[in-house]
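The block underneath contains the structure these notes are about, expressed in C-alpha cells.
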Amino acid sequence: MIPVNEPLIGEKELEYVSECLKSGWISSSGRFIEEFEQKWANYCGMKYGIAVSNGTTALQVAVGCLDLKPGDEVIIPTFTIISCALAVIYNTGRPVLVDSESRTWTIDVSKIEKCIRAKSKEQRAKIRAIMPVHIYGHPCDMKPIWELAKKYNLVIIEDAAEAHGAEYLTGHCEPEERSNLNKKWRKCGSLGDISCFSFYANKIITTGEGGMVVTNNAEYAEKARSLRNLCFTKERRFYHTELGHNFRLTNLQSAIGLAQLERIEELVEKKRWIGKMYTERLKDIKGLQLPVEESWAKNVYWMYGVVLDESTGIEAVEFAKRLRKNGVDTRPFFLGMHEQPVFHQMGLFNGEHYPIAERIARQGLYLPSGLTLTEKDINTVTKAVKKSLKNDGVKKLS
Ligand SMILES: Cc1ncc(COP(=O)(O)O)c(C=O)c1O
C-alpha cells in the first residue's frame, strides 16, 4: 500500500534529540526551543515565535490573545479542520462561516463582505476577527482580506498549518501602472496579525506533535507566551490573574523541529515536485479537478487533493475504496463545520448550506503526498486513479 504520508527524518534529528537526552533537557526548557522559535519566525519573516504543543492549541492561543467577550464573532471558512471553530468556541466566541471558492478551495473572499453586510450594525460590532486558512498548501487571496480587515477593524488570525513555505504575491491586483512597485512575495505565516502553524507528523516539517504562533506584535507575543504556560505572573510565581493552559512544546520536539527546519527548502521543493509530477500525469483525465497554482501564489502542495466531477457518477468514498483495492491509500477532504453533528447539538449552523464546501467534501480526497514518495509510486498512483475512474456500473453512494 502506498501510504498517504510519511515523514522524512534524518541523522540531524537523531543527533539533536540525543543531545537533549544526554543533557537531560527534555521538558520545556533548553536551547532548542528558543532557537526553533526564533529561526521559524525568521523563516516566516516575523519577529516573534511562540512554540506550542500542536496546531490546535496554536489557534486557541492566537484567538486567546484577542480577549473575546462572550458572543464575539470570528469569521472562518466552513471548509477547514474543526480546530479553527474550537479555537473560537473555547474562547467564548462564535464562529461565523463562509463558503470556499471552487478553484483553490480556500475561503471565498467575495462572500466575506456579503456575510458582514448581512448583519445589523449591532451584530457587526461583535465581529472581531477573520481566520483565513491556506488549504492543502495553497494561499488564500489575502489582499481583499486585508482591505476588509481594515474597513471593519478586524484582526487577521492566519492558519498556515498546511502551508509551510507557501508564498503570496502582494499587490497582484493593483492597477497595472502600480503593480510592479508593490509586488512582493511574502511567506504564509507573515500575512496575518497572528499566524499559526502545525508540526504534526504529516506536515511539511514536523516535531511529531507541535505548533507555533508567530506575530510582529509584542503584546500578542507576550500574551501568547503567558497563555501557553499557565499564565504565571512575572512578579510572583504561582499567583494567577488570568486562566492559562499548559500548551508547552518540549526541547526534544523542538530539537526535531530545528533539524527539520534546516532542510526546509529541500522538503518544500520535494512537495512541489510531487505536485508537478501528479499534474503532468493527471491533467488530461476528464472529470477530475486538480490543484491549481494561481499566478499570485506559490502552492506547496502539502497534500495533492483531487475533486471528482459529479458527471463521473462516483463519489469520494467509493473512489477511495477502489484506490485502496489498487494499493493506494487516500484521505477524505474536510467535512464543513456546518455539517458537524456536534455543532448542531450546540444549536450552531443549523439549516446553513454552503454548496462548494458540500460538493468538495463529497467529491474530494487527497492522494499519497508524503516526502518519501518516488516517481515509481506516483506512476502507480496515476495508474490506480485511471483504473478506479472507469465506471463499471457501481452505483453512486448516497
Ligand atoms: C488547517 C489546519 N489547521 C489546524 C490544524 C491543527 O493542527 P494539529 O493537528 O497540530 O492540532 C490542522 C491539522 O492538520 C490543519 O490542517
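The values are calculated or read from the model by the stated rules, or taken from the named source; none is laboratory data. Everything numeric in this text was worked out from a predicted model, so none of it was measured. Cβ sites come from the backbone with ideal geometry, for glycine too, and all protein chains shown count toward neighbours. Keep in mind that these areas ignore ligands, DNA and RNA; they rest on the heavy atoms of the full protein, side chains included. Shrake-Rupley method; radii C 1.70, N 1.55, O 1.52, S 1.80 Å.
Go through region 192-203 residue by residue and turn each phi into a ³J(HN,Hα) via Karplus (6.51, -1.76, 1.60, θ = phi - 60°); whole Hz please, and just put x for glycine and proline.
Along region 192-203, the couplings run x, 6, 9, 10, 10, 10, 10, 10, 4, 4, 8, 7 Hz.
Whats the longest run of the chain with zero trypsin sites (Lys or Arg not before Pro) that are DSSP loop and have at most 13 other Cβ atoms within 10 Å?
Between exposed loop sites, the widest span is 287-389.
For region 202-267, just run the numbers: alpha carbon Rg, then divide by 2.2 N^0.38 Å, N being how many residues it has.
Against the empirical 2.2 N^0.38 Å value, I get 1.36 for region 202-267.
Taking the simple approach of a point 7 Å from Cα along Cα-to-Cβ for both Asn379 and Asn229, what is their distance in nm?
Going by the 7 Å Cα→Cβ label model, 5.3 nm.
Quick one: what are the phi-derived ³J(HN,Hα) couplings along region 265-273, Karplus 6.51/-1.76/1.60 with θ = phi - 60°, whole Hz, x for glycine and proline?
4, 5, 5, 5, 4, 4, 4, 5, 5
Can you pull the accessible area of Thr207 for me, 1.4 Å probe, Å² to the nearest 10?
Approximately 0 Å² of Thr207 is accessible to the 1.4 Å probe.
How fast does region 1-152 diffuse by Stokes-Einstein, in µm²/s, taking the Kirkwood radius from C-alpha pairs at 37 °C and 0.692 mPa s?
Translational diffusion coefficient: 181 µm²/s.
If you take the Cα Rg of region 264-389 and divide it by 2.2 N^0.38 Å, with N the number of residues, what do you get?
Cα-based Rg divided by the globular estimate yields 1.16.
Cα to Cα, under 22 Å, and not fewer than 8 places away if on the same chain: which lysines meet these conditions relative to Lys121?
Leaving aside lysines fewer than 8 places away in the same chain, those within reach of Lys121 are Lys69, Lys111, Lys150, Lys151.
Around Pro355, with a cut-off of 13 angstrom between Cβ atoms, what is the net charge of the other residues, counting Lys and Arg +1 and Asp and Glu -1?
Every neighbour counted, the sum reads -4.
What GluC sites (Glu not before Pro) in region 234-296 are in a loop by DSSP, with at most 14 other Cβ atoms within 10 Å of the Cβ?
Glu235, Glu242
Once amide H atoms are built 1.01 Å from N in the peptide plane, which residues 5 or more positions from Ile2, or in another chain, come under 5 Å H to H?
Result for Ile2 returns Val328, Asp329.
List the residues, sorted by chain then number, that are 5 or more residues from Lys203 or on another chain and whose placed amide H is less than 5 Å from its amide H.
none
To the nearest 0.05, how large is the calculated FRET efficiency for Leu335 and Met1 if R₀ is 25 Å and r is the Cβ-Cβ distance?
After rounding to 0.05, the efficiency reads 0.55.
Using the heavy atoms of the protein chains alone and a 1.4 angstrom probe, what is the accessible area of region 11-261 per residue in square angstrom?
43 Å²
Once Lys and Arg get +1 and Asp and Glu get -1 on their Cβ, which of Val328, Gly305, His344 lies farthest toward the positive end of the dipole of region 264-389?
The residue sitting farthest along the positive end of the dipole is Val328.
Could you tell me, in Å, what Rg and Dmax come out for the Cα atoms of the chain?
In order Rg, Dmax, the Cα atoms of the chain give 21.4, 71 Å.
Find, to one decimal place in angstroms, the Kirkwood hydrodynamic radius of region 81-120, where the mean of 1/r is taken over every pair of different Cα atoms and then inverted.
Over region 81-120, the inverse of the mean reciprocal pair distance is 11.5 Å.
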